[in-house]
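The values are calculated or read from the model by the stated rules, or taken from the named source; none is laboratory data. As the structure is a prediction and not an experimental result, all values here were calculated from the model. When we count neighbours, we look across all protein chains shown, and the Cβ atoms used for this are built from the backbone with ideal geometry, even at glycine. When the accessible area is computed, the model is the full protein with side chains, heavy atoms only, and any ligands, DNA or RNA have been set aside. Shrake-Rupley method; radii C 1.70, N 1.55, O 1.52, S 1.80 Å.
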Amino acid sequence: MREFAYHRPGDLQAAVALLADGESRPVSGGMTLLPTMKQRLAAPPALVDLSTIPGMAGVTVEGRTVTVGALSTHESVASSPEIVACIPALASLAGVIGDPAVRHRGTIGGSVANADPGADYPAAVLGLDATVVTDRREIGADDFFIGLFTTALAPDEIITAIRFPVPDAAGYAKFRSQASRFALVGVFVARFGPFVRVAVTGAAPCVFRQKDIEEVLARDFTPSALTRISIAPSGLNSDIHADSEYRAHLVMVMARRAVEQALGAPARP
Amino acid sequence: MKVELSINGRAVSADIPPSLLLSDFLRENCELTGTHVGCDTSQCGACVVHVDGVSMKSCTLLAVAMDGRSVTTIEGLAGTVGAELHPMQEAFHVNHGLQCGFCTPGMIMSAVDFAKRHPSPTEGEVRRWLEGNICRCTGYQNIVAAILAGTKAMHAPQGD
Ligand SMILES: Cc1cc2nc3c(=O)[nH]c(=O)nc-3n(C[C@H](O)[C@H](O)[C@H](O)COP(=O)(O)OP(=O)(O)OC[C@H]3O[C@@H](n4cnc5c(N)ncnc54)[C@H](O)[C@@H]3O)c2cc1C
């Protein structure tokens, strides 16, 4: 790792000010940023540690909205009684990220800001039509994820919370890479009354909505409705773990499993 | 940069560069070489320690970020129960839960955190917990047996 300066600001405004050079990076759990710096794929001149900024962790429920502080660890989301009660698919998603030691330190804000093509949270944020709350504005999920590791965030912008609307039903199914535990393909399905959103992670450079699956499920929210359609492999990732045809196949299988889960089947561990 | 933290119950202060990883700080500066480093990708789990009682990968934590926190390593584990061996260490010994031993410190630190959260676990729960602890020799069979036995021992009623 290359040398860098380290700051631990006491509040959000101080943190934003320290990021003004556009090169310094915020660090939350460090479960992505530190491995990247160890590989020398990133060498920021300074790290701004957000992890001790007060008021940025924890879960609050108001009406049909669940707000998750950006510093909430994956483990705290997986085991939050409020999230388990309101959006169990979000809790079970958090519980299959990486491994326990990663879940004890990694945060939702860091994962969403990072927008890894194989990360799990982006599927929930897009599938649930969540709002990304930052130090300066609110960004809807459809406008947030832009491309490979690319989001709508400005270089000095800090996510403070993610606001999830509570769906009528939701499910998440993930086919893991055996080596990394990231999603080879993960599909998040959510139903809000007559509307259905389907978000796919792992399959392409960036999380995306699959509108034809959404339309079929809006008419008939059952796993069997999905046996009649397939998706095209063009534009999907091909690598040593899975080619694009296989990923296209996995999207449909994971979508069916996600619907099963939304209809009450237990999440697969 | 100055840090003050507790390591295995002892107050430690040091002046270290921000890039120093907790695993290197423990091994090089504190000469606590029981914490192992088996990969460079945060995957293998040989470096797992407890930070304020919670299992984390010390190879992916900055030592300066541990300011004010309490770290327990494999060397300090038995001291937390005032015995020569912690019940989980004893269970690994009795069940032959190791072969070369390289992954063992991380396995045991992970297992102790697991046992605190799962007083009566299933074998499946143990195996799922070990997703972040890689062993290249045992095939995990005896590690799983050791963790089940160690968990039982940790939750056994005290006294005869
Ligand atoms: C072995 C291993 C396995 C993993 N498996 C999975 C998996 O299966 N699924 C999965 O989804 N992830 C996985 N991860 C990644 C993990 O979930 C990370 O915790 C997460 O991606 C990043 O969160 P963090 O808090 O650690 O972020 P950091 O590493 O601290 O930061 C990540 C990026 O986000 C920026 N950032 C951090 N916080 C904020 C903020 N509040 N606002 C704006 N920008 C911010 C940083 O500058 C950096 O660019 C794995 C990681 C490891 C090491």
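Over region A:5-121, what is the relative contact order in whole percent, taking alpha-carbon pairs under 8 Å and six or more residues apart? Write down the numbers at each step before the final one.
Values: 179 pairs, mean separation 27.8, N = 117.
Over region A:5-121, the number comes to 24 percent.
Which links in B:LYS57/B:LYS152; B:LYS57/B:LYS116; A:LYS38/B:LYS57 stretch past 20 Å when you go from one Cα to the other?
B:LYS57/B:LYS152
Rank B:ASN29, B:ASN133, B:ASN95 by mean-square fluctuation in a GNM of chain B with C-alpha springs under 10 angstrom and give only the top-ranked residue.
B:ASN29
Which of B:MET66, B:ALA156, B:GLY76 sits closest to the plus end of the dipole of chain B, meaning its Cα is farthest towards the positive end, when Lys and Arg get +1 and Asp and Glu get -1 on the C-beta?
B:ALA156
Among all stretches of chain B without exposed GluC sites (Glu not before Pro) (DSSP loop, at most 10 other Cβ atoms within 10 Å), which one is longest?
Details: sites that count: B:GLU31, B:GLU84.
My reading of the result: B:85-160 is the longest stretch.
How shielded is A:96-108 by partner chains, expressed as the average number of their Cβ atoms within 10 Å of its Cβ atoms?
Taking the mean over all residues of the peptide, I get 6.
Which value, in debye to the nearest 20, describes the size of the charge dipole of region B:31-122 about its Cα centre when Lys and Arg Cβ atoms bear +1, Asp and Glu Cβ atoms bear -1, and nothing else is charged? Don't skip to the end; give the middle numbers.
Values: 4 positive and 8 negative charges, 56 e Å.
With Lys and Arg at +1 and Asp and Glu at -1, about 280 debye.
Just counting partner chain Cβ atoms within 10 Å, what average do the residues of peptide A:11-22 show around their Cβ?
On the way: counts 0, 0, 0, 0, 0, 0, 0, 0, 0, 0, 0, 0.
Counting Cβ atoms of other protein chains within 10 Å of each residue's Cβ and averaging gives 0.
Give a residue-ordered list of calculated ³J(HN,Hα) values for region B:123-137 (Karplus: 6.51 cos²θ - 1.76 cosθ + 1.60, θ = phi - 60°; whole Hz; x for Gly, Pro).
Using θ = phi - 60°, the values come out as 4, x, 5, 4, 5, 5, 4, 7, 4, x, 10, 9, 10, 9, 10 Hz.
Which angle between 0 and 90 degrees, to the nearest 10, do you get for helix A:244-262 versus the longest principal axis of chain A when only C-alpha atoms count?
80 degrees
So who's got an amide H within less than 5 Å of the one on A:VAL27, skipping anything under 5 residues away but keeping other chains? H placed 1.01 Å off N, in plane.
Residues meeting the amide H criterion: A:VAL48, A:ASP49, A:LEU50.
If I take R0 = 35 Å and measure r between the Cβ atoms of A:HIS241 and A:THR65 in this structure, what FRET efficiency does the formula 1/(1 + (r/R0)^6) give, to the nearest 0.05?
Numbers: r = 37 Å, r/R0 = 1.05.
Using R0 = 35 Å, I get an efficiency of 0.45.
Between B:HIS155 and A:SER230, what is the spin-label point distance in nm, taking each point 7 Å from the Cα along the Cα→C-beta axis?
Going by the 7 Å Cα→Cβ label model, 4.8 nm.
B plus A alone minus the pair: what accessible area, both sides summed, probe 1.4 Å, in Å² to 100? Each step should come with its number before you reach the end.
Working: alone 8400 and 12000 Å², together 18070 Å².
Result for this pair: about 2300 Å² buried.
Taking the Cα centre of region B:1-46 as origin, sum charge times position over the Cβ atoms of Lys and Arg (+1) and Asp and Glu (-1), and report the length of that vector in debye to the nearest 20.
Details: 3 positive and 6 negative charges, 27 e Å.
In debye, rounded to 20, region B:1-46 gives about 120.
Quick check: pseudo-label points 7 Å beyond the Cα along Cα→Cβ at A:ALA43 and A:PHE149, how many nm apart are they?
Here the modelled spin labels are 1.5 nm apart.
At 15 angstrom or more along the helix axis (alpha-carbon based) and mean Kyte-Doolittle of -1.0 or higher, what helices does chain B contain? Whole DSSP H runs only. Show your work: numbers first, answer last.
Working: long enough: B:104-117 (20 Å, 0.25); B:141-154 (20 Å, 1.01).
The answer, listed by residue number, is B:104-117, B:141-154.
For chain A, what's the relative contact order in percent, using C-alpha pairs closer than 8 Å and at least 6 residues apart?
Working: 600 pairs, mean separation 42.2, N = 269.
16 percent.
Only helical DSSP H runs with n ≥ 4 go in: add -39500 (n - 2.57) per run for the protein assembly as shown, normalise by residue count and round the 222 nm mean residue ellipticity to 500 deg cm²/dmol.
Numbers: 16 runs with 128 residues, N = 429.
The helix contribution divided over the protein assembly as shown gives -8000 deg cm²/dmol.
Only bridges whose two residues both fall in chain A count here: according to DSSP, what percent of them are antiparallel, nearest 5? Write down the numbers at each step before the final one.
Details: 36 of 42 bridges.
Rounded to the nearest five, the antiparallel share is 85 percent.
Going by Cα centres, region A:27-42 and region A:224-269 are how many Å apart?
30 Å
Quick check: Cα centre of region A:60-79 to Cα centre of region B:1-38, how many Å?
That distance is 32 Å.
Can you list residues from other chains, or at least 5 along the same chain, whose modelled amide H is less than 5 Å from the amide H of B:ILE7?
Residues meeting the criterion, in which the H sits 1.01 Å from N, are B:VAL12, B:VAL71.
At R0 = 30 Å, how high is the FRET efficiency between A:LEU263 and A:GLN178 if r is their beta carbon distance? Nearest 0.05 is fine.
Details: r = 28 Å, r/R0 = 0.94.
E(calc), rounded to 0.05, equals 0.60.
Of the DSSP beta bridges with both residues in region A:1-120, give the percent that are antiparallel, rounding to the nearest 5. Could the numbers behind the result be given before it?
Values: 5 of 11 bridges.
Percentage antiparallel, nearest 5: 45.
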